[in-house]
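Q: Before I ask anything, here is the structure I am working with.
The values are calculated or read from the model by the stated rules, or taken from the named source; none is laboratory data. Quick caveat, the model's predicted, so the values are computed rather than measured. All Cβ positions, even for glycine, are placed from backbone atoms using ideal geometry, and neighbour counts span all protein chains on display. Side chains included, ligands, DNA and RNA excluded: accessible areas come from the protein's heavy atoms. Shrake-Rupley method; radii C 1.70, N 1.55, O 1.52, S 1.80 Å.
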Amino acid sequence: MMTRLLHIRFWLPLLIVAGTLVLAPLFRSAQPPLQSYALALLLCCTAAISVYLFAVIAQPEKF
Amino acid sequence: MPTSTRVLFPRMPRGPRQERRYLERPRQQGLLQRAIVEAFRKLDPRLAVANPVMFVVWCGTVLCLALTIEPRLLDAAAGARERGFNALISLTLLATLLFANFAEALAEGRGKAQADALRRTQARTQARRQLPDGSIELVDSSALRRGDVVLVQGGDVIPADGEVIAGVASVDESAITGESAPVLKEAGSDVAGSVTGGTRILSDQLTLRISADPGKGFIDRMIALVEGAERSKTPNEIALTVLLAVLTQVFLIAVATLSPVAGFLQKPPSVVTLVALLVALIPTTIGGLLSAIGIAGMDRVAQFNVIATSGRAVEACGDVNTLVLDKTGTITLGNRLAEEFLPVGGYSSAELAVVAYGASCFDQTPEGRSIVRLAEKLGAALPFEPASASGIDFSARTRMSGSDSADGIEFRKGAVDAIKGFVRSRGGVVPDQLDQCFEQVSRLGGTPLAVCRGAELYGVIYLKDIIKPGIRERFDQLRRMGIRTVMLTGDNPITAGVIAREAGVDDFIAEATPEDKIAVIQQEQKLGKLVAMTGDGSNDAPALAQANVGVAMNSGTQAAKEAANMVDLDSDPTKLIDIVTIGKQLLITRGALTTFSIANDIAKYFAILPALFAGVGLQALNVMRLASPQSAILSAMVFNALIIPALVPLALKGVKFRPLSAEQLLRRNLLVYGAGGVVAPFIGIKLIDLAIGALRLI
């Protein structure tokens with residue numbers, strides 16, 4: 001169970017969803033709700049990719 | 001010492017290379033079909049995540065597909081008419097991914113086809129296992145375990161890898177080597193004493209001790225290797241992966257922050273355009289071809305009938321600074337032949353021939369057999385009854401061999417100083433003339449073998465050594481590439497010096513013992529150099545393990561094969577030079593395509609940036625005069641996709657190898673692939689833009 005909790009596949013989607021919920025209101029003034037959530041999700045996914053790239057740079061042999 | 005049994009390669013005369021059928025080229029059609037299927041399968045994100053550059057493209061593709069389905073997903077003001085453009089960009093990105101996957105799958109497919117061919121040799125068979133009480137039981141080959149003793153006879157398939165403990169037989173190894181000529185296997189021989197499961201015994205009978213458990217045999221390991229099951233990234237690949245990830249990270253941050261900047265200019269670009277810019281800027285060409293280049297390098301080694309245990313080994317070849325080479329079989333033709341008898345101490349040639357015959361009658365090396373032939377040609381007869389005499393094997397310590405007759409007479413031949421010592425130890429006198437003969441033969445580049453009968457020294461046998469044709473040119477090439485060659489030989493310093501000079505090696509070590517090999521390697525490695533060597537005997541195993549690239553001969557012992565990181569199925573030590581060339585070619589190809597990929601960015605930048613900021617005064621940057629912003633973006637994306645399959649043949653075949661120094665190679669690389677990488681996209685993107693206009697795609 002602990003191993004599963006520590007696994008990236010478990011917490012990454014949770015983190016992205018949480019980030020989307022937090023960031024969506026920032027776009028609410030300029031966009032309707034659907035677009036606000038989509039933009040927040042895009043921002044979170046971009047950040048996730050950036051973290052992934054840092055992980056590749058730090059531990060390239062694992063990829 | 002010249003008559004080393006280690007240089008005996010007990011092969012029958014070989015057929016031409018074309019006859020070999022191992023690693024037969026798989027049918028192109030089957031390969032392509034398999035690669036196409038694999039290209040789609042590799043779209044699985046769990047597989048795509050292994051390649052950072054292509055994973056970013058994968059994410060961009062998913063985003064563009066979503067925006068094709070719903071163009072207003074991210075911007076409520078976006079119009080439905082953008083759907084067509086989004087669809088075209090999505091398709092282009094998907095094609096980029098598929099082309100990159102196809103390149104990798106094509107390279108892997110070759111290995112898998114070779115693995116299939118090898119797997120066919122692994123038919124299960126019945127084995128005759130000998131029980132401790134001497135009785136025989138029939139068992140399935142899969143039931144055999146390491147240490148079991150089995151009997152095989154003419155017509156049988158050898159059930160598992162093993163060491164010959166009794167018998168002499170011809171074995172057909174064509175299943176693994178492609179060599180149609182049978183190979184002699186015999187007990188007690190350092191280089192002919194091991195057999196491989198799956199090969200077939202043609203005649204006689206052998207008793208084998210099984211040396212590998214099921215699934216851990218030589219062919220099993222070969223299958224795993226050529227299939228790429230054990231493929232891990234090489235140090236060079238890792239370094240390049242980091243560089244590509246850094247570039248991707250930089251461009252990701254740059255593109256992500258571009259949107260607010262563009263917003264400030266009241267010209268916010270669409271997300272699809274930003275994705276296109278990102279994909280155009282990140283090094284997709286090398287990102288897509290990187291693993292294919294590595295796999296193809298291993299495949300090229302396999303085409304030479306050499307099995308590399310890892311890509312790391314092949315890559316290490318490219319960085320090798322020093323080659324440690326055995327003289328016999330590598331620099332000179334393996335079989336030295338007796339050319340002349342040079343008597344001393346008042347004996348005649350005929351008398352010397354008789355003693356040489358006596359000293360060589362048990363010597364089954366090509367040298368020994370050639371001495372017997374020359375003696376018989378001179379009319380000599382064996383001076384004792386062979387049935388009652390006993391043979392004395394050559395050893396690296398005594399550096400002599402011979403026979404003892406039933407009446408106690410010792411016939412010996414060997415290194416001149418060893419025989420001198422032997423004669424003196426028996427109370428004999430060494431004639432001064434011996435040194436003259438020794439020098440005379442040595443200065444001809446031949447090997448002098450002294451011959452004695454007890455305490456009487458009879459003379460010298462001149463063993464002629466022939467330098468392989470073209471070897472000097474090969475060494476010249478290696479020197480131009482900055483590789484130093486060191487020749488190791490058991491010969492005396494004068495002979496070694498003559499051969500070294502004629503062959504053009506940089507350095508030599510004469511009268512070398514097996515321990516000298518490892519000492520030379522360690523000494524070079526202390527100077528920070530990478531060393532490659534070949535070996536076949538058990539005594540070579542430590543040096544093979546110590547060397548950065550150790551190539552074991554397939555005819556060699558199990559210990560040598562396990563210590564080495566490559567196995568040459570043809571047992572041809574000269575191939576080390578070819579392998580080094582392939583390693584260099586692998587690194588040069590990777591460097592060339594990286595240069596090309598990064599240089600590509602300039603043209604793509606000039607295509608996409610003016611399009612991105614169309615209407616805010618950046619039109620001056622549209623140096624290619626592309627028709628419209630959308631056409632410019634699409635042209636850059638199409639070029640980005642098409643350049644990958646266009647470079648697949650180069651990635652798989654490798655850049656043409658030229659024996660140049662590192663500086664010359666870098667200059668050439670920058671000129672051809674750097675300048676080419678800048679110019680080619682300008683031309684390509686303009687042509688694609690014209691085609692898009694003509695086809696009215698946008």
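Q: Compute the distance in nm between two label points, each set 7 Å from the Cα along the Cα-to-Cβ direction, one at A:ALA47 and one at B:ASP516.
A: According to this spin-label approximation, the distance is 6.8 nm.
Q: Please work out the Cα convex hull volume for the range B:318-382 and give it in Å³ per residue.
A: Details: hull volume 6.9 nm³, N = 65.
Roughly 107 Å³ of hull volume per residue.
Q: Using a 1.4 Å probe and ignoring any ligands, DNA or RNA, find the accessible area of B:ARG453 and quote it in Å² to the nearest 10.
A: Looks like 70 Å² after rounding.
Q: In addition: For the protein assembly as shown, with every protein chain kept in place, what is the accessible area per residue (1.4 Å probe, Å²)?
A: Values: 32380 Å² over 761 residues.
Normalised by residue count, the accessible surface of the protein assembly as shown is 43 Å².
Q: Can you give me the solvent accessible area of B:LYS216 with a 1.4 Å probe, rounded to the nearest 10 Å²?
A: 140
Q: Between B:ILE253 and B:SER310, with labels modelled 7 Å along Cα→Cβ, what's the label distance in nm to one decimal, could you check?
A: About 3.3 nm, to one decimal.
Q: Multiply the residue gap between B:ALA455 and B:ASP507 by 0.36 nm, knock off their C-alpha separation, and tell me the result in nm, one decimal place.
A: 15.0 nm
Q: Based on DSSP H assignment, which helices of chain B show an axial Cα extent of at least 18 Å together with a mean Kyte-Doolittle hydropathy greater than or equal to 1.6?
A: B:52-69, B:235-264, B:675-695
Q: Stokes-Einstein at 20 °C, 1.002 mPa s, Kirkwood radius from Cα pairs: D for the range B:309-353 in µm² s⁻¹? Walk me through the numbers on the way to the answer.
A: Numbers: Rh = 14.9 Å.
D = 143 µm²/s.
Q: Calculate the FRET efficiency for B:SER395 and B:LEU32 from the Cβ-Cβ distance with a Förster distance of 51 Å, rounded to the nearest 0.05.
A: Numbers: r = 56 Å, r/R0 = 1.10.
Step by step, r from the Cβ atoms, then E = 0.35.
Q: What is the distance in Å between the Cα centroid of the range B:141-171 and that of the range B:489-554?
A: 33
Q: Given a 1.4 Å probe and the protein chains all in place, what does the accessible area of A:VAL22 round to, in Å² to the nearest 10?
A: Accessible surface of A:VAL22 is approximately 110 Å².
Q: How many percent of DSSP beta bridges within chain B run antiparallel, rounded to 5? Walk me through the intermediate numbers first.
A: Numbers: 56 of 75 bridges.
If we restrict to bridges inside chain B, about 75 percent are antiparallel.
Q: Can you list the equivalent-ellipsoid semi-axes of the range B:554-697, largest first and in whole Å, using the square root of 5 times each Cα gyration tensor eigenvalue?
A: Numbers: eigenvalues 416, 50, 25 Å².
After scaling each eigenvalue by five and taking roots: 46, 16, 11 Å.
Q: Fully extended, how many nm does the chain gain between B:GLN303 and B:LYS468 (0.36 nm per residue separation, minus their Cα-Cα distance)? Walk me through the numbers on the way to the answer.
A: Working: separation 165, 0.36 × 165 = 59.40 nm, distance 2.26 nm.
Gain in length upon complete extension: 57.1 nm.
Q: Total accessible area buried between chains B and A, 1.4 Å probe, in Å² to the nearest 100? Present the calculation step by step, with values, prior to reporting the outcome.
A: Numbers: alone 28950 and 5220 Å², together 32380 Å².
Roughly 1800 Å².
Q: Please report, as a whole percent, how much of the solvent-accessible surface of chain B comes from carbon and sulfur atoms (probe radius 1.4 Å). Provide the component values of the computation, followed by the final result.
A: Numbers: 15990 of 28070 Å².
Whole-percent figure for carbon plus sulfur exposure: 57.
Q: Determine, from the Cβ-Cβ distance of B:ALA381 and B:GLU137 and an R0 of 60 Å, the FRET efficiency 1/(1 + (r/R0)^6), rounded to the nearest 0.05.
A: On the way: r = 49 Å, r/R0 = 0.82.
The pair B:ALA381/B:GLU137 has a calculated efficiency of 0.75.
Q: What FRET efficiency do you get for B:ARG373 and B:GLN477 if R0 is 51 Å and r is their Cβ-Cβ distance, rounded to the nearest 0.05?
A: On the way: r = 37 Å, r/R0 = 0.72.
My answer for the efficiency is 0.90.
Q: Could you order A:TRP11, B:TRP58 by accessible surface area, starting with the largest, using a probe radius of 1.4 Å? Working shown, then result.
A: Working: A:TRP11 100, B:TRP58 60 Å².
The residues order as A:TRP11, B:TRP58, largest area first.
Q: Once you treat every alpha carbon in chain B as an equal point and sum by Debye, what is log10 I(q)/I(0) at q = 0.07, 0.08, 0.11, 0.12 Å⁻¹?
A: Scattering profile of chain B, log10 relative to I(0): -0.61, -0.73, -1.10, -1.22.
Q: Could I ask something else about it? Counting Lys and Arg as +1 and Asp and Glu as -1, what is the net charge of the other residues whose Cβ lies under 11 Å from the Cβ of B:MET624?
A: On the way: positive: B:LYS604, B:ARG625, B:LYS686; negative: B:ASP689.
Once all neighbours under 11 Å are counted, the net charge is +2.
Q: What does the average come to when, for each residue of peptide B:66-75, you count the partner chain Cβ atoms lying within 10 Å of its Cβ? Can you show the working numbers first?
A: Values: counts 2, 1, 0, 0, 2, 0, 5, 7, 9, 5.
The shielding value for this peptide is 3.
Q: Report Rg(Cα)/(2.2 N^0.38 Å) for the protein assembly as shown, keeping two decimals. Could the numbers behind the result be given before it?
A: Details: Rg = 33.8 Å, N = 761, 2.2 N^0.38 = 27.4 Å.
Dividing the Cα Rg of the protein assembly as shown by 2.2 N^0.38 Å gives 1.23.
Q: Specify whether the C-alpha gyration tensor of chain A places it in the rounded, prolate or oblate class, a ≥ b ≥ c being the square roots of the eigenvalues: rounded for a/c under 1.5, otherwise prolate if a/b is larger than b/c and oblate if not. Can you show the working numbers first?
A: Details: a/c = 4.34, a/b = 1.85, b/c = 2.35.
Since a/c reaches 1.5 but b/c is at least a/b, the shape of chain A is classed as oblate.
Q: Right, another one. Give, as a single signed number, the net charge of other residues whose beta carbon lies under 15 Å from the beta carbon of B:PRO132, with Lys and Arg counted +1 and Asp and Glu -1.
A: On the way: positive: B:ARG128, B:ARG129, B:ARG145, B:ARG209; negative: B:ASP133, B:GLU137, B:ASP148.
Summing Lys/Arg as +1 and Asp/Glu as -1 gives +1.
Q: As a test, work out the antiparallel percent of DSSP beta bridges whose residues both lie in the protein assembly as shown, rounded to the nearest 5. If you can, show how the numbers build up before the last one.
A: Details: 56 of 75 bridges.
If I count the DSSP bridges inside the protein assembly as shown, around 75 percent turn out antiparallel.
Q: Around B:THR332, which amide H atoms from residues at least 5 apart in sequence, or from another chain, sit under 5 Å from its own amide H, with H modelled in the peptide plane?
A: B:LYS468
Q: Could you work out how much longer the chain between B:ALA50 and B:GLU340 gets when fully extended? Use 0.36 nm per residue separation minus the Cα distance between them, nm to one decimal. All intermediate terms of the calculation are to be shown ahead of the outcome.
A: On the way: separation 290, 0.36 × 290 = 104.40 nm, distance 6.52 nm.
97.9 nm is the gain from fully extending B:ALA50 to B:GLU340.
Q: Turning to a different aspect of this structure: Over the whole of A:22-33, what's the average partner chain Cβ count within 10 Å per residue? Rounded to a whole number, please.
A: Details: counts 0, 0, 0, 0, 0, 1, 0, 0, 3, 5, 2, 0.
Per residue, the number of nearby Cβ atoms from other chains is 1 on average.
Q: Among residues other than B:GLY147 whose Cβ falls under 14 Å from its Cβ, what is the net charge (Lys/Arg +1, Asp/Glu -1)? Display every interim value, and only then the final one.
A: Values: positive: B:ARG129, B:ARG145, B:ARG146, B:ARG209, B:LYS216; negative: B:ASP148, B:ASP161, B:GLU163, B:ASP213.
Cβ neighbours under 14 Å give a net charge of +1.
Q: Now a separate question. Separation between the B:ALA350 and B:ILE165 pseudo-spin-labels, each 7 Å from Cα along Cα→Cβ, expressed in nm?
A: 5.1
Q: What's the longest bit of chain B with no exposed GluC sites (Glu not before Pro), using DSSP loop states and at most 12 other Cβ atoms within 10 Å as the test? List each step's numbers first, then the result.
A: On the way: sites that count: B:GLU24, B:GLU230.
The answer is B:231-698.
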